[in-house]
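Read the structure below first, then the notes.
The values are calculated or read from the model by the stated rules, or taken from the named source; none is laboratory data. Since we're looking at a predicted model, the values are computed, not measured. Here the Cβ positions follow ideal geometry from the backbone for every residue, glycine too, while neighbour counts run over all protein chains shown.
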Amino acid sequence: MKIISIDLKDCFIIEPKVFKDNRGCFLENFNLRKIKEYAGLKVNFVQDNEAFSQKGVLCGLHFQKGEHAQAKLVRVIQGSVLDVAVDLREKSSTYGEYYSVVLSAENKKQLFVPRGFAHGYSVLEDNTIFAYKCDNYYNKESEGGVIYNDSFLNINWMLEEEEIELSEKDKVLPSFLS
């Protein structure tokens, strides 16, 4: 397992080592000890979530506030997504910046998104299965979000505007600076 620092403070990419032979492949996609050694994290994942979507679906940008904030470890089991993390921590050196990466069944990369970040993804292929671990339980009253097409963030979601399919909730999220 290779852990790679990225431009956003406290986020990182995990590239698992894949062992292939004529029978298929094997990989270790999560090892808490290695993540703790690398990042010094005190993360304890308590919930796994999975979504199945078609190309054009865009989820986000979402976050949980206060004591219900969540760190996430995200990956794709089938298909591909553009995964995006936005630093919302006002005292962070990367506040207001975002990072995006294509996660796919083929590349098997994972993104660790710490607490204090908004997170979202756009589905790049039909029949995509997206999965993520959370270190805190979901709490509806603590949810927040930032509109996907915020002009300050200016995120390229790798989809044409007419392809994008949003939930009703995501259509009315506030801008980053509001």
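Count of the stretch 8-53 residues, restricted to those that are out of contact with any Lys or Arg (no Cβ under 8 Å at 6 or more places or on another chain), part of a loop (DSSP other than H, G, I, E, B) and aromatic (Phe, Trp, Tyr), is 0.
Matching residues to (1) touching a residue at least 12 places away in the same chain (Cβ under 8 Å); (2) closer than 20 Å to Asn149 by Cα:
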residue	(1), (2)
Ala51	yes, no
Asp83	yes, yes
Tyr95	no, yes
Ser100	yes, yes
Glu106	yes, no
Lys109	yes, no
Pro114	yes, no
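Has the stretch 95-111 got any residue that is farther than 20 Å from Pro16 by Cα, out of contact with any strand residue (DSSP E or B) (no Cβ under 6 Å at 6 or more places or on another chain) and at pLDDT 95 or above? Within the stretch 95-111, one or more residues are farther than 20 Å from Pro16 by Cα, out of contact with any strand residue (DSSP E or B) (no Cβ under 6 Å at 6 or more places or on another chain) and at pLDDT 95 or above. Within the stretch 97-119, one or more residues are in a loop (DSSP other than H, G, I, E, B), touching a Cys at 6+ places or on another chain (Cβ under 8 Å) and not hydroxyl-bearing (Ser, Thr, Tyr).
Could you tell me which residue of the stretch 60-97 is nearest to the chain's Cα centre (by Cα), considering only residues that are surrounded by fewer than 23 Cβ atoms within 10 Å (Cβ to Cβ) and within 16 Å of Leu159 (Cβ to Cβ)? Among those that are surrounded by fewer than 23 Cβ atoms within 10 Å (Cβ to Cβ) and within 16 Å of Leu159 (Cβ to Cβ), it is Leu82.
Checking Leu153, Leu173, Leu177 one by one, the residue that is outside any helix (DSSP H, G or I), farther than 19 Å from Cys11 by Cβ, of a type in the set (A, V, I, L, M) and touching a strand residue (DSSP E or B) at 6+ places or on another chain (Cβ under 9 Å) is Leu173 and no other. Residue count for the stretch 65-96, restricted to those that are aliphatic (A, V, I, L, M) and not in a strand (DSSP E or B): 3. Scan the stretch 128-174 residue by residue and report those that are in contact with an Asp or Glu (Cβ under 8 Å, 6 or more places away or on another chain) and within 17 Å of Ser53 (Cα to Cα). Of everything in the stretch 128-174, those that are in contact with an Asp or Glu (Cβ under 8 Å, 6 or more places away or on another chain) and within 17 Å of Ser53 (Cα to Cα) turn out to be Ile129, Phe130, Ala131, Tyr132.
Residue by residue, here is whether (1) under 17 Å from the mean Cα position of the chain (by Cα); (2) farther than 20 Å from Val57 by Cα; (3) charged (D, E, K, R) holds:
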| position | (1), (2), (3) |
| --- | --- |
| Pro114 | yes, yes, no |
| Tyr121 | yes, no, no |
| Leu124 | yes, no, no |
| Asn127 | no, no, no |
| Cys134 | yes, yes, no |
| Leu153 | yes, no, no |
| Trp157 | yes, no, no |
| Glu162 | no, no, yes |
| Lys171 | no, no, yes |
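Scanning the stretch 54-64 for residues that are on the phi < 0 side of the Ramachandran plot and not in a strand (DSSP E or B) yields Gln54, Lys55.
Okay, residues lined up against (1) small (Gly, Ala, Ser); (2) free of Cβ contacts under 8 Å to residues at least 60 places away in the same chain:
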site: Met1; (1), (2): no, yes
site: Ser5; (1), (2): yes, yes
site: Phe12; (1), (2): no, no
site: Pro16; (1), (2): no, no
site: Arg23; (1), (2): no, yes
site: Phe26; (1), (2): no, yes
site: Phe30; (1), (2): no, no
site: Lys34; (1), (2): no, yes
site: Tyr38; (1), (2): no, yes
